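The values are calculated or read from the model by the stated rules, or taken from the named source; none is laboratory data. Every value quoted in this text rests on a predicted model; they were computed, and no experiment measured them. Glycine also receives a Cβ, built like all others from the backbone with ideal geometry; neighbour counts cover every protein chain displayed.
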C-alpha cells in the first residue's frame, strides 16, 4: 500500500513572492521527495538580447531579469562588453559601482531576513526589518532617482555622481542601520522562539554543498568558502575592506547569520567607499563595437552571477548567456528539503532567498 | 579563461578525470548557435579560491546529434542541460523537455531560424 | 447584500499574483504593506486566498505558463472585485513587449480597473492606485464579471478551463 502523500506548494501561495511550484512527497509530516517547476516566469530575455536590442540597450534590458539584483545584472553585462571593447573604467567609476552593488546587497539581504521571519510565523519581526530596510531604499533613491530598477550603470561609467550632501545622507542612514543590525544579530542569536524555527532546520551539509555546487549565502552557511568577490579581479574589493563571512552549521540560522554579518561588512565597505572616493570622471566615451568572447562573474546577493557575451563587431550581439545564482542553486535547495518537516517548508524556502525571475529569465 | 577542445566521445572521460568537486566549481552548460545547423557547446568550470580561473570545455556539434549527459558526474548540471534541451531543441540522453517552454511556445527559440 | 458593502470598503483584502514580473514591483508591494508606507491603514491586508479577496494586484506581463493561473485566480475571487495592474509591463508589456514567451499585458485576459505605471511602480503610486480601486469597488455590484476569452493557440489550456464556459477558443483572425 502506498504510504506517501503528495502535497503541492504554489504556484500561488501566501508565502511566495513569485510563482514556483513544488510537489512534496510526504511520509506523514516528513518530506521525502521534491519536484519543482521553476519555469513560470520565462520571458525569453536571452533571445531578445540577441535579436531585438542593440548592445548599448541590452544593459537596461538585462536589469529587468530581476528587480532585486538588477544592478548586478547590468554591472556584469557592462563589464563583459567593456572587456570586449578594450576599455577599463577608472577608479571612481569602479568605486561608485561597488557602492551601489553593496547597497543593493544590504537591502536584498534585509528583505530575505524579513521574508524568512514572516514565513516562519514572526509577523512583527517582518514589519520591524521592513521598517529598518527603508533608510537603504532612501539612499538608493537619493543617489539614482529610483528605489528599485535604478539603471545606474551604463557602458563607460555611471549615470549620476555622488555629491557631498549624498555622502552625509549615506553616513547618517548607515549609522542608524548599523545599530539596528547589531540589535538584530543579538535577537537572532539569543531569542528562544526564533531558535525553535531556525536552529537545526533545513541543514545543508558541507559534503552536499560541494556535490551540488551550492553557491552564495547557502554555500557559505555550510562552510564552503566560495565568494566571487574574492575570486574576481574586476572590482577592487580587497581595497575597500572585504572579508569573507563563513558559518559552519548550514541551517536556517546559519544562513540568516551569514546575511546579517554580510550586511555589517557591506556597511563598512560603503563607508570606506564614500570616505575614500577617488577623483575622476564618472562617464567616459567608449568607442567601437564588441567583438570576441568575454566572461564575467559578479557576486550578486544570492551568489555567483555569470555572463558570457559574444559579439561579432555588429550592433546586435551574437550570444548573451545569463547564468543566475538561483538557477544553479536549485539542485542543492531540493536536497535540503528532503528529511525536513512539511510545516517548515515555507521558512526553508524563504531562507534560500530564491529568485524565480532570475531563474527563468 | 582557458578553452579546451573536446569531442563528443571523449567528453565524459575528459570531464570525469578533470573534475574534482572540492577544487572545481561547475558553473553551467552553455550553447552558442553558429548557424548552418551547427552549435558550440561549452561546459564551464571555475576554481575555488583562485583569481579569475575559468576553464571552458567546448566542442562543436550538430543539432541532430545526441549529447551525452554529465549528470552522473555532476548532479547540478541537470538545470543547464534541461535549459539547452528547451532552448536549442537538442537531445541530451535522459533529460526531458519542458523547463521553460509550453506546448504552444515557439520551439527551440535560440536556434537560428533560417 | 447591502449589509456587507461598508465592511468591504473598510477592509479590502488583497490577493497578489506575480504573472512574470521581474520582482521589482513585488518588493515594492511588500514595502507598501510595511510600516513606512503602511497600506494596512486602509484596512488592506495581504491574503493568499482568492476566495476571501476583493482586490487583485497583478504584476508582470503574463507569461505563457501563468495565463491559466491568472484566469483561474480571477474567477475564484467573489464579486464585486477590482483588478489593479501594477507596473508598466503589466499594463502594456513594457520592456518585455514582443518577447518570446510573453503576452503583452494582463488586459488581454481579464478586465483591468486601475493601471499603475512605473518600472518599478513606487509604493506611493501603489497606494494611490489602491485608493482609486476602493472608489471603484464601491460602485460595483454583484454582477458576475467574466475574464476575456483566451487568445490564440491555447487549446491545450482551454480544455482544462471548464468553469463558466470561459475558455471558448478564439481564432487568430478575430483578434
Check the range A:5-19 and report whether any residue there is touching a residue at least 60 places away in the same chain (Cβ under 8 Å), surrounded by fewer than 24 Cβ atoms within 10 Å (Cβ to Cβ) and in contact with a strand residue (DSSP E or B) (Cβ under 6 Å, 6 or more places away or on another chain). yes
Does residue B:100 count as surrounded by fewer than 21 Cβ atoms within 10 Å (Cβ to Cβ) and either within 11 Å of another protein chain (Cβ to nearest Cβ) or at pLDDT below 85 (or both)? no
Looking at this structure, is residue A:162 buried (at least 18 other Cβ atoms within 10 Å of the Cβ) and part of a loop (DSSP other than H, G, I, E, B)? yes
Given (1) touching a residue at least 24 places away in the same chain (Cβ under 8 Å); (2) within 11 Å of another protein chain (Cβ to nearest Cβ); (3) farther than 22 Å from residue A:307 by Cα, number of the condition residue B:62 does not satisfy: (2)
Counted residues in the range B:66-106 being under 18 Å from residue B:12 (Cβ atoms) and part of a loop (DSSP other than H, G, I, E, B) come to 11
Number of positions in the range C:26-51 that are at the interface with chain A (Cβ under 9 Å from one of its Cβ atoms) and more than 20 Å from residue A:129 (Cβ to Cβ): 4
Please go through the range A:138-159 and give me each residue that is part of a loop (DSSP other than H, G, I, E, B), in contact with a strand residue (DSSP E or B) (Cβ under 8 Å, 6 or more places away or on another chain) and surrounded by fewer than 18 Cβ atoms within 10 Å (Cβ to Cβ), ordered by number. A:159
Where in the range A:246-361 are there helices (runs of 4 or more DSSP H), lying fully within it, with 1 or more residues that are over 30 Å from residue B:86 (Cβ atoms) and in contact (Cβ under 8 Å) with a residue 60 or more places away in the chain? A:252-275, A:345-351
